[in-house]
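All remarks here apply to the structure that follows.
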């Protein structure tokens, strides 16, 4: 209990610093490509600053799960294709961060799912990862997605799904699966997505950012 209060205080103190308007990419262990989609987050940040009046630093940072600097970032993004591994220290720090007011968005870049799910149990052995209904506020927080998470990239013809972990009524972790939002955030020449597809991805990303900062 005392540990949780310490990290909660640390998190709220960090909100009063310049880092309060920065976002970060999570550098996790296990060998997966945590560094994938390098243009995605900068493009999303630019879109948010222009379209939903955020004031995010245009340069995203990199942070490790067990780094105390994690508490400097109200919004952390995680992506990749492969293996994910959290040590017990990583898992405890991530739990403290999320329960103290942080937000983690995980976007499966295809191939992460089988590894990720078992690692999330280390962080939240007591809270199940559950699918969010299409009427969850995050799908209509600024831009409207009445059918829920949009499909951006086709892999296995799977249905796009958004899963979450909610603590005391607040969504603290969002996992987007079979959607690949990050590919839609990347520079247009990388995946050659139509403009309307990229716009859907960016709008959904903006909803996530706005929801994370305001809840």
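Using only Cα atoms, locate the centre of the stretch 119-154 and the centre of the stretch 40-108, then give the distance between them in Å, rounded to an integer.
Using only Cα atoms, the two centres lie 16 Å from each other.
Rounding to the nearest 10 and keeping the result within 0 to 90°, find how far the Cα-based axis of helix 195-214 lies from the longest principal axis of the chain.
20 degrees
Show me 36-45, 165-174, 199-208 ranked by packing, highest mean number of other Cβ atoms within 10 Å first. Intermediate values should be presented prior to the final figure.
On the way: 36-45: 20.6, 165-174: 15.8, 199-208: 22.4.
For the peptides 36-45, 165-174, 199-208, the packing ranking is 199-208, 36-45, 165-174.
What angle, in degrees between 0 and 90 and rounded to the nearest 10, separates the Cα long axis of helix 40-51 from the longest principal axis of the Cα atoms of the chain?
Relative to the chain, helix 40-51 is tipped by roughly 80 degrees.
If each residue's Cβ is checked for other Cβ atoms within 10 Å, how do 60, 179 rank with the fewest at the top?
On the way: 60 21, 179 25.
The most exposed by this proxy come first: 60, 179.
What's the extension gain from residue 81 to residue 68 if we count 0.36 nm per residue and subtract their Cα-Cα distance?
Details: separation 13, 0.36 × 13 = 4.68 nm, distance 2.59 nm.
Between residue 81 and residue 68, full extension yields 2.1 nm more.
Report, in cubic angstrom per residue, the convex hull volume of the C-alpha atoms of the stretch 90-170.
With only Cα atoms used, the stretch 90-170 gives 111 Å³ per residue.
Please determine, in degrees from 0 to 90 and to the nearest 10, the orientation of helix 2-14 with respect to the longest principal axis defined by the Cα atoms of the chain, where the helix direction is its Cα long axis.
50 degrees
Based on other C-beta atoms within 10 Å, arrange 71, 213 from fewest to most.
213, 71
Can you give the FRET efficiency for residue 49 and residue 192, using 1/(1 + (r/R0)^6), R0 = 35 Å, r = Cβ-Cβ distance, to the nearest 0.05? Please list the in-between numbers first.
Details: r = 25 Å, r/R0 = 0.72.
Given R0 = 35 Å and the Cβ-Cβ separation, E is 0.90.
222 nm [θ] for the chain, helices only, -39500 (n - 2.57) per DSSP H run of 4+, per residue, to 500?
Numbers: 7 runs with 77 residues, N = 215.
After summing the helix terms and dividing by the residues of the chain, the value is -11000 deg cm²/dmol.
For the chain, what D do you get in µm² per second when you plug the Kirkwood radius from alpha-carbon pairs into Stokes-Einstein at 4 °C and 1.567 mPa s?
Translational D for this selection: 75 µm²/s.
Between residue 61 and residue 126, take the C-beta separation as r, use R0 = 25 Å, and let me know the FRET efficiency to the nearest 0.05.
Working: r = 30 Å, r/R0 = 1.20.
It comes out at approximately 0.25.
The numbers here are math on the coordinates, done by the rules we state, and not lab data. Keep in mind the model is a prediction, meaning the values are calculated, not measured. Virtual Cβ from ideal backbone geometry, glycine too; neighbours counted across all protein chains shown.
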